[in-house]
Amino acid sequence: MSEKYKTTDKDKAYFVTFTIVEWLNVMQEDNYKMIIVNSIKHCQENRGITLFAYCIMSNHVHLIIQSNGKESVSDVLRDLKKHTSKEISKRLETDDSQATQKMLAIFKNEGTRLKRIKKCKVWQDGNRPMALYSNKFIWQKLDYIHYNAVKAGIVQNPEEYMYSSARNYAELSSVLEIVMLTREWKTVK
């Protein structure tokens, strides 16, 4: 894995994005999104990841996460991507539709290009981590995550999208638990 895609500081929160190979819409259906949801839950419960925001789209995932300091965010995401890749591939293999078989063939072809991949390569390399360094940057990324489904034309309001932490921030039922970020108030003089 390239050094430019690693999270070096274990104490910082990061905005990360990971994307399906060729931007294929493999997670169009909810059962594929739930593979991601369940893997994130596992990382929260067993790997010490704190989740502040998320959006799971049909071909990519955005997160704002932080490690408990024992493991790096990069290490946890590497394992999350490896596990979800296997689960997505397994689910695709049970569907004999032409579209799913085409996706599976692409993933298998991508997997043959790398020695470290045994079967299928579902995710593009890297997570594009960005350390959250200022309040302005944090709110910019939080808004970006929450408006992702709106910009894609899936919903009109961010909190309508079930696979987004916008629901958590709107105090609605959600698929994942998060630690909510609060805006710091500064008096302007």
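The values are calculated or read from the model by the stated rules, or taken from the named source; none is laboratory data. The shown structure was predicted, so the numbers you read here are calculated from the model rather than taken from an experiment. Cβ atoms come from the backbone with ideal geometry, glycine included; neighbour counts cover every protein chain shown.
Are any of the residues in region 99-106 within 23 Å of His146 (Cα to Cα) and surrounded by 22 or more Cβ atoms within 10 Å (Cβ to Cβ)? Looking for residues that are within 23 Å of His146 (Cα to Cα) and surrounded by 22 or more Cβ atoms within 10 Å (Cβ to Cβ), one finds none in region 99-106, hence no.
Of the residues making up region 16-34, one or more are among the charged types (D, E, K, R), out of contact with any helix residue (DSSP H, G or I) (no Cβ under 9 Å at 6 or more places or on another chain), surrounded by 15 or more Cβ atoms within 10 Å (Cβ to Cβ) and under 23 Å from Val155 (Cβ atoms). For Val179, are the conditions met, namely being surrounded by fewer than 17 Cβ atoms within 10 Å (Cβ to Cβ), under 19 Å from Ile49 (Cα atoms), among the hydrophobic types (A, V, I, L, M, F, W, C) and under 20 Å from the mean Cα position of the chain (by Cα)? Taking the combined requirement at face value, the residue satisfies it.
Only one entry of Ser58, Ser39 meets the criterion of being of a type outside the set (Lys, Arg), more than 20 Å from Ala105 (Cβ to Cβ) and modelled with pLDDT of 95 or more, and that entry is Ser39. Of the helices (runs of 4 or more DSSP H) lying entirely inside region 89-173, those carrying at least 2 residues that are among the β-branched types (Val, Ile, Thr) are 98-112, 135-146. Residue count for region 14-35 under the criterion of being over 18 Å from Tyr161 (Cα atoms) and not in a strand (DSSP E or B): the result is 4.
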